[in-house]
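> This is the structure I want to talk about, given as structure tokens.
The values are calculated or read from the model by the stated rules, or taken from the named source; none is laboratory data. Remember, predicted model here, so these are calculated numbers, not experimental data. Note that we place each Cβ from the backbone using ideal geometry, even for glycine, and neighbour counts take in every protein chain shown.
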Amino acid sequence: MRSWSDALRNLTQFLPVVALAACMAPATTVTTGDPAQATQSGMNQVLRGRQLVIQHGCGDCHGGATNPAAQGDGPFPGNSQWLAGRPTDTLPVGGLVAFPRNLTADEETGIGRYSERQIFNALRYGLRPRATPDVEITSDVPGQGNHPAAPNYLSPAMPWLEFRHSSDEDLRAIAAYLKRAVRPFSKRIPDSGAPPDFWASEVSVAKVGSHISPAFPTSHEELHAPARRDQILHGRRLVIEYGCSGCHGGGDPGREGWLAGLRGQPPTVLAPYVIEFPIGPFKTRPRNLTPDNTTGMGRFSERQVFNALRFGLRPGETPDVEITSQIPGQGNHPANPKYLAPPMPWPAWRNMPDADLWAIATYLKHGLKPVVNRVEDSEGPPDFWASTYTAENFGPYPPPPFPTANERVP
Amino acid sequence: MSHWMQLITTFAGARVRDRCFLAVLLPAVLLVPATAPAQHHHGTASPPERRAPASPATQRPSPTGKAVVTKGGLATPPAFVNFSRTAGTVEVRLVAAPASLTLRPGTSTDVYAYNGSSPGPTLEVKEGDRVIVHFRNDLPVETTVHWHGLHIPFDQDGSPFHPVAPGGEHTYEFTLRPGSAGTYWYHPHPHHRTGYQVGMGLYGAIIVRAPDDPLPATLQERVLLLSDNRFAADGALDFPDPGTHAGRVDAENGREGDVIFVSGSVLPTLGIRSGEVQRWRVINASAARVYRLALEGHTLLHVGTDGGLFEHPVEVDEIVLGNGERAEFLVRGTAKPGTSAKFQTLPYNRYIPQTRPGDWDKARDLLTLQYASAAPVQPIALPSRLRAIPALDTSAVTARRVMALSQHLINGLSMDMGRVDVSAKLGATEIWEVENLVGMDHPFHLHGFQFQLLDRNGVPEKQRKWKDTVNVPKHQTARFIVRFDNYPGKWMFHCHILDHEDAGMMGVLEVK
């Protein structure tokens, strides 16, 4: 068991690192909305933000996993204080070390002293709140549209390169929830290391594109009947926002290898584990998500893809049936479930609404061109992680209702 | 290659042999390897002479019967007694019952046995024979007798659709069609319990002989039933609980044993003379172990598979034999008198990483081939062509179906006895594409009908052959063509890793 605990620690460390590798699009200058409006939003906005924080898995690094009621200082995200940072969780980024920060509204150790606009700018542009003026920013390009000429970016593994594709409303909702509805919790987190340019050379628009994704379809996409275009576009947007390609390949829909799985490309500073993830003694290899029949998802039904995202059940080992329970042995949930290998973040994604998960499945099955790419099997324990994916480690499903003891009504 | 080429000459004049004579002779031939000591024959064995039908009571085997173990040589199961007086009819009795056998020297083990023996008696018949098997189930559980690979009527197939209750009887009756000569086997097939019952000892060989067998009748023939098992400290067979670590590993890999039996013997020694050619029929009766067969310092002349002989022999270094598959090959005594060679199963990685055994990469000895000290015998002529296998007509294909195999599932579904997965018309020709989507081998078995393998991963097979089981290695695809002749009914298709089959990796083909 000890090694699996280590494996889990690895999981939570590495996931966001690779997620950062995604999203490379042509440079485009865009205008965002007015972040100040976020402060006027009401309860619905806060609840929307809470939902997004849970289903994006912010707590997988920043503490609490997907459980807003989580407290403590344990080794798993599931038993550490909700969003209060994890100084014990060092993320090796190249030769540097990053620490997940305290996201509670504590003035001194958390984000209490930053405005919601600064948090929005962090999520959309990756700009560190403490080193970036509290102004509206309208460009991805340093020196343009209030984007600082010498920007100071968030450290990898913070996956802002994925989150930035979210709508203004969603990013403002996240900021609103963090600022207004999470109780301040004092917990000092060491500064993350960074190169002298604060990653500016790694995240230039030339390398990672802007937050506007290329239009559908790119040369790697196509619309197959019977899927509807609106379903496809909805699923595609989620696939981009949630950074599937950070592990599964391609960076953005216009690039070679989009979602085609492990390709053996050389690791980079931003994505040091794209080849395979060491999870304790095991190796996880991101699968080919394109609809190729033998090497991808072609032979699996949308329902099997849905069951993978909602219940973490491997399509190749789980019957193509409707599953109605999280509990093994009940409601068609296999008695001996075989779960996706870490770091696949299904414990966070299972919290997405049915329609979102179905849309992702539809996009993967009907919105992509099949790519032949055989990915070697991931390794893992003989129980396929069944004893690891517990509520204690990953939080309950569904999450506890708002507000928990860690939260406050604005 | 060269020494085989010297041997393979056109073998003119196919022989028509006296089948009755051979039926008497053959068990004796099997019993006496050239250099083995005299055989001692116990239990219910008796020469297969014709005699009046006996009452069931007198045929009942002793529940404490013992498998015949011959020191150093192969154990030989008791023979079936053919009590039919009619030429061309083979009528035998078969009883499945608990027994206590000495599977390993010095320990007795509670098993299930056919006619008091494990493996059960070898059923030797010939093309055209009418076969009548009076079966009685003296087990405490329901069972069936499945005649693996035989093209016989649905209600005689011994599939899960026709269980025989404890204490119940069933008479299996079928006629062996022309062209069906080959090596087959029989075993139980109750739903969810096949692996357990086969593991408990229920399996036996079937040999169907042809009137015009192209191979010389003088070749010594050996039937090697490969099986493996696992034992607890007290000698009992070890079947782990499903929830345990071992149970989980078995559920994934299928239950493998650390003791490998060759027709009931462990590491037997077989005799051969320099220059001699022997005909070996090997059956993989293991629940999950795949054998990669090789004979040290020798090549094998592969002459046949599930549904009988190839069109022509192929010299190979090794033969991979999936679960349920058979191989027929010739062993030539190319080594010097007095030497010996190990017949082995080489490492074969059929496993997913999660449950791959730590010792998977070790070769295992199956038996020792011991050369007599006598002077070499003169090589004999072998045919370069064995028979013609007519190709099934691809232009007649009316359906192409995909069978997507994943762990414990076929096309994403688990077995449901009330569901028909595939419907086909009687007489229809179809192409089935068996795609293995996962990182573990799955041997795919179709009941009732022999098929012709077309290609693997798009690479055409080098020659036509009749198969009923095809091992589809991890992430590979195999295509076969099949014609659903003669017999309507509901036919099973399944993974022949028995734990997978029992877990639901099976479907139903209805031919009507």
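> Identify, please: which residue in the stretch B:213-252 is of a type in the set (Ser, Thr, Tyr) and surrounded by fewer than 21 Cβ atoms within 10 Å (Cβ to Cβ) and is, among those, farthest from the chain's Cα centre (by Cα)?
Only one residue tops the list, namely B:THR244.
> Answer yes or no as to whether A:ASP89 is part of a helix (DSSP H, G or I) and at pLDDT below 95.
no
> Okay, next question. Can you name the strands (runs of 3 or more DSSP E) wholly within the stretch B:363-432 that have at least 3 residues being surrounded by 17 or more Cβ atoms within 10 Å (Cβ to Cβ) and under 26 Å from the mean Cα position of the chain (by Cα)?
Fully inside the stretch B:363-432 and qualifying: B:364-371, B:397-406.
> Oh, and also: Does any residue in the stretch B:405-426 that is more than 18 Å from B:PRO160 (Cα to Cα) come within less than 7 Å, Cβ to Cβ, of a residue that is polar (S, T, N, Q) six or more places away or on a different chain, and which pairs are these?
Close Cβ pairs (under 7 Å, with a partner that is polar (S, T, N, Q)) amount to B:LEU405/B:ASN436; B:GLY412/A:SER301; B:GLY412/A:GLN304.
> Looking at the stretch A:376-392, is at least one residue without any contact (Cβ under 8 Å) to a residue 24 or more places away in the chain and within 14 Å of another protein chain (Cβ to nearest Cβ)?
Yes, the conditions are met somewhere in the stretch A:376-392.
> Still on this structure: For the stretch A:345-410, which fully contained helices (runs of 4 or more DSSP H) count at least 3 residues that are crowded, with 21+ Cβ neighbours inside 10 Å?
Ranges flagged: A:346-349, A:354-366.
> Mind checking which residues of the stretch A:301-319 are of a type outside the set (Ser, Thr, Tyr), within 11 Å of another protein chain (Cβ to nearest Cβ) and part of a loop (DSSP other than H, G, I, E, B)? Break it down stepwise before answering.
Filtering the stretch A:301-319 for residues of a type outside the set (Ser, Thr, Tyr) gives A:302-317, A:319.
Filter once more, so that each one left must be within 11 Å of another protein chain (Cβ to nearest Cβ): A:303-304, A:307, A:314-317, A:319.
Result: A:ARG314, A:PRO319.
> Mind listing just one residue for me: the one in the stretch B:207-235 that is in contact with a strand residue (DSSP E or B) (Cβ under 6 Å, 6 or more places away or on another chain) and over 30 Å from B:ALA388 (Cα atoms) and, of those, farthest from the other protein chains (Cβ to nearest Cβ)?
Checked the stretch B:207-235; the qualifying residue farthest from the other protein chains (Cβ to nearest Cβ) is B:GLY235.
> If a residue has to be of a type outside the set (A, V, I, L, M, F, W, C) and within 14 Å of chain A (Cβ to nearest Cβ) to count, how many in the stretch B:389-448 make the cut?
17
Table: residues versus (1) within 29 Å of A:ARG408 (Cβ to Cβ); (2) not aliphatic (A, V, I, L, M).
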position: A:GLY78; (1), (2): yes, yes
position: A:ASN102; (1), (2): yes, yes
position: A:SER115; (1), (2): yes, yes
position: A:ALA122; (1), (2): yes, no
position: A:VAL135; (1), (2): yes, no
position: A:PRO148; (1), (2): no, yes
position: A:LEU154; (1), (2): yes, no
position: A:GLU169; (1), (2): yes, yes
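> Mind checking which strands (runs of 3 or more DSSP E) fall wholly inside the stretch B:100-166 and carry at least 2 residues that are within 19 Å of B:ARG326 (Cα to Cα)?
B:123-126, B:146-148
> Continuing with the same structure: For the list (1) within 14 Å of another protein chain (Cβ to nearest Cβ); (2) in contact with a His (Cβ under 6 Å, 6 or more places away or on another chain), I need the number of the one condition that B:PHE329 fails.
(1)
> On to the next question. Residue pairs, Cβ under 6 Å, 6 or more apart or interchain, first in the stretch A:63-85 and more than 11 Å from A:ASN102 (Cβ to Cβ), second of a type in the set (A, V, I, L, M, F, W, C) and in a loop (DSSP other than H, G, I, E, B). List them.
Final answer for the pair search is A:GLY64/A:ALA70; A:GLY64/A:TRP82; A:GLY64/A:LEU83; A:PRO68/A:TRP82; A:ALA70/A:TRP82.
> Do we find that A:GLU322 is part of a loop (DSSP other than H, G, I, E, B), within 14 Å of chain B (Cβ to nearest Cβ), within 23 Å of B:GLN354 (Cβ to Cβ) and charged (D, E, K, R) in this structure?
On the way: part of a loop (DSSP other than H, G, I, E, B): yes; within 14 Å of chain B (Cβ to nearest Cβ): yes; within 23 Å of B:GLN354 (Cβ to Cβ): no; charged (D, E, K, R): yes.
Taking the combined requirement at face value, the residue does not satisfy it.
> Working only within the stretch B:246-270, note down all residues that are away from every other protein chain (no Cβ under 14 Å) and either part of a strand (DSSP E or B) or among the polar types (S, T, N, Q) (or both).
Of everything in the stretch B:246-270, those that are away from every other protein chain (no Cβ under 14 Å) and either part of a strand (DSSP E or B) or among the polar types (S, T, N, Q) (or both) turn out to be B:VAL259, B:ILE260, B:PHE261, B:VAL262, B:SER263, B:SER265, B:VAL266, B:THR269, B:LEU270.
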